[in-house]
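The values are calculated or read from the model by the stated rules, or taken from the named source; none is laboratory data. Remember, it's a predicted structure, so these values are computed and weren't measured experimentally. In this analysis, Cβ positions are derived from the backbone assuming ideal geometry, glycine residues included, and neighbour counts consider all displayed protein chains. Each accessible area value is taken on the protein alone, full model and side chains, heavy atoms only, with ligands, DNA and RNA left out. Shrake-Rupley method; radii C 1.70, N 1.55, O 1.52, S 1.80 Å.
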Amino acid sequence: MAKKTSSRLRALSSSQPRDTAPRFIPGDDGGGPILGRWAFFLASTIALALLTGGAVLFGTAKIERGLEERVSAGLRAAGVDGVVVEASGRDLLLSGFVDDETQLESIPRAVAPTEGVRSVDAELRVKVGAIEVGDVAADPMRFQWSDGTMTVAGTVSSEQARSGIIGAMETALDYTLDTSRLVVREGVGDESAWISAALSALRDTAEAVPEGEMVVNPNTGVAQVSAEFDSRQDRADLTRQVEDLLAASPLDFVSGFTLAEAPPPPPREQVVELQSNLDELIEGKVVEFETNSDRLTDEGAGLLDEVLEALRLFPNVPVEIAGHADAQGTDEFNLDLSTRRAEAVLAYLVDRGEDPGRFVVIGYGESRPIADNDTEEGRARNRRIEFIALDE
């Protein structure tokens, strides 16, 4: 997953000599040059605004750094070393890997005593296997395909590993392979912890798009997959597919998926305002469906009519329609039902004139509850449709 870093101020200095003589604006009284009152007022206003903005910026950055440091220290004290803490104001995002489920359960207890934290969001995975670095740094493994040919370059730990990788690719891929630059380098780490998941992600991506690239860097534990798509939906579908495949490995997925002829991204303030409007509109409400069905009720359709009005205020902002289910029933049933309900919402909006290319439909099943599934009230809250304004 991509990592964000806090901004740092740079001290700027000029080696050029400056003219330090005072600058004057001629006055109207004939008594010599004086500073114009309006110029003085304007300069003072600008200076005050800069000082105020700088104080807010510095203060926010200081609060964020303090929270990051205190929470990181608490996690280390609890024996959790593989988690990255990022603060946005007083909201935290925890990302990275934990060694086992026990560490995962210890994180809330480690974070809870930290004063000043408003909310915590976590994107954590349990390590499936460690990446063996080896005594010698490995070259990133690069897969590039186009026009029916796939070239592979990089270093592997043994001739046996090289033969196994080539054999797996020949079986799974309908491409002509060029593996002349895939070489054995003595001393690099073993690939067994990640190669199977990486090849599965490669297979699915190469089947979906005729041209692309995947680069796996075992030194950093990152797999970046790049390709171009004709629609947001195709891109979103494959993004989730690759994420799920690489989740079974210690590799972090970095998406290089782009849209062909993509429109310019919408202004950030429009994205924020649309999201705020949508959140306010559906707060305490749900888009209702008939029981165990993707058929909208009259009340559900009425709420979507209100959502439609909000969407039309910012027609250039793309939106994800996310379907969610409670924990009753099997995982497969809930995933299918949440997807069908999200698709039903899309169909309703498109029937009323919305551009289908604006939307991305994703069903999350029961994987993202917001309430307790052990109570009827909680299950009702978890059966929901969410609308998420997107930056691109």
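Amide H to amide H under 5 Å from Ser88: which residues, 5+ apart in sequence or cross-chain, H placed 1.01 Å off N in plane?
So Ser88 has HN proximity to Leu93.
Do any GluC sites (Glu not before Pro) in the stretch 158-214 lie in a DSSP loop with no more than 12 other beta carbon atoms within 10 Å, and if so, which?
Numbers: sites: Glu159, Glu170, Glu186, Glu191, Glu207, Glu211, Glu213; in loops: Glu186, Glu191, Glu211.
Those that pass, being in a loop and sparsely packed, are Glu186, Glu211.
Gap in Å between the Cα centre of the stretch 155-223 and the Cα centre of the stretch 103-118?
So the two Cα centres are separated by 39 Å.
Output wanted: per-residue J couplings in Hz (rounded whole) for the stretch 381-388, from phi through Karplus 6.51 cos²θ - 1.76 cosθ + 1.60, θ = phi - 60°, x for Gly and Pro.
6, 6, 7, 8, 10, 10, 10, 10
Per residue, how big is the convex hull of the stretch 272-374 when only Cα atoms are used? Give it in Å³.
Working: hull volume 10.6 nm³, N = 103.
Dividing the Cα hull volume of the stretch 272-374 by its residues yields 103 Å³.
On average over all directions, what projected area in square nanometres does the stretch 241-293 have, based on the convex hull of its Cα atoms? Present the calculation step by step, with values, prior to reporting the outcome.
Details: hull surface 30.4 nm².
Its average projected convex-hull area is 7.6 nm².
Place a point 7 Å from the Cα of Asp351 along the Cα-to-Cβ direction; which residues of the stretch 270-296 have their backbone N under 11 Å from it?
In the stretch 270-296, the label zone of Asp351 (backbone N under 11 Å from the point 7 Å along Cα→Cβ) covers 295-296.
Between Gln328 and Ser158, what length comes free when the chain is fully extended (0.36 nm per residue of separation minus the Cα-Cα distance, one decimal in nm)? List each step's numbers first, then the result.
Details: separation 170, 0.36 × 170 = 61.20 nm, distance 4.82 nm.
Stretched out fully, the Gln328 to Ser158 stretch lengthens by 56.4 nm.
I'd like the per residue volume of the convex hull spanned by the Cα atoms of the stretch 169-264, given in cubic angstrom. Could the numbers behind the result be given before it?
Working: hull volume 11.3 nm³, N = 96.
Enclosed volume per residue, from the Cα hull, is 118 Å³.
Report, largest value first, the span of the C-alpha coordinates of the stretch 135-182 along each principal axis, in whole Å.
Principal extents (Cα only, largest first): 37, 18, 14 Å.
Please sort by residue number the GluC sites (Glu not before Pro) in the stretch 290-368 whose DSSP state is loop and whose Cβ has at most 13 other Cβ atoms within 10 Å.
Of the GluC sites (Glu not before Pro), the ones in loops of the stretch 290-368 whose Cβ has at most 13 other Cβ atoms within 10 Å are Glu290.
Applying 1/(1 + (r/R0)^6) with R0 = 22 Å to the Cβ-Cβ distance of Asp100 and Asn373, what FRET efficiency is obtained, to the nearest 0.05?
Details: r = 24 Å, r/R0 = 1.09.
In this case the efficiency is close to 0.40.
Residues in the stretch 227-267 near a label at Ser146, defined as backbone nitrogen under 18 Å from the 7 Å Cα→Cβ point?
Once the point is set 7 Å along Cα→Cβ of Ser146, 227-230, 256-262 turn out to lie under 18 Å by backbone N, inside the stretch 227-267.
Compute the signed sum of charges (Lys and Arg +1, Asp and Glu -1) over the other residues within less than 11 Å, Cβ to Cβ, of Ala236.
Values: positive: Arg232, Arg235, Arg240; negative: Asp234, Asp237, Glu243, Glu320.
Here the count lands on -1.
Per-residue accessible area for Val133 at 1.4 Å probe radius, Å² rounded to 10?
80 Å²
Taking amide hydrogens as modeled 1.01 Å from N in the peptide plane, which residues meet the under 5 Å criterion relative to Leu182, leaving out close sequence neighbours?
Placed amide hydrogens put Gly154 under 5 Å from Leu182.
At a threshold of 8 angstrom on Cα-Cα distance, excluding pairs fewer than six apart, so keeping six or more, what relative contact order does the stretch 240-317 reach in percent? Intermediate results must be reported in sequence, preceding the final value.
Numbers: 38 pairs, mean separation 22.0, N = 78.
Answer for the stretch 240-317 is 28 percent.
Pull up all non-local amide H partners of Val188: gap of 5 or more, or a different chain, and H-to-H distance under 5 Å with H placed in the peptide plane.
Sorted by chain and number, the residues that satisfy this are Val136.
What is the pair-distance distribution P(r) of the stretch 65-168, computed from all Cα-Cα distances in 5 Å bins starting at 0, with each bin given as a whole percent?
Taking every Cα pair in the stretch 65-168, the percentages come to 2, 10, 17, 15, 10, 8, 10, 10, 9, 6, 2, 0.
Any number yet on Rg/Rh for the stretch 86-231, C-alpha, Kirkwood? Numbers along the way, then the final one.
Details: Rg = 19.2 Å, Rh = 17.6 Å.
My calculation of the ratio gives 1.09.
Just to check I understand the Karplus step: with θ = phi - 60° and J = 6.51 cos²θ - 1.76 cosθ + 1.60, what whole-Hz values come out for the stretch 296-302, glycine and proline as x?
Result, rounded to whole Hz: 5, 7, 4, 5, x, 5, x.
Just read off the accessible area of Arg383 with the full protein assembly in place, 1.4 Å probe, to the nearest 10 Å².
80 Å²
If you wrap a convex hull around the alpha carbons of the stretch 188-339, what volume per residue comes out, as a whole number of Å³? Walk me through the intermediate numbers first.
Numbers: hull volume 24.6 nm³, N = 152.
It is 162 Å³ per residue.
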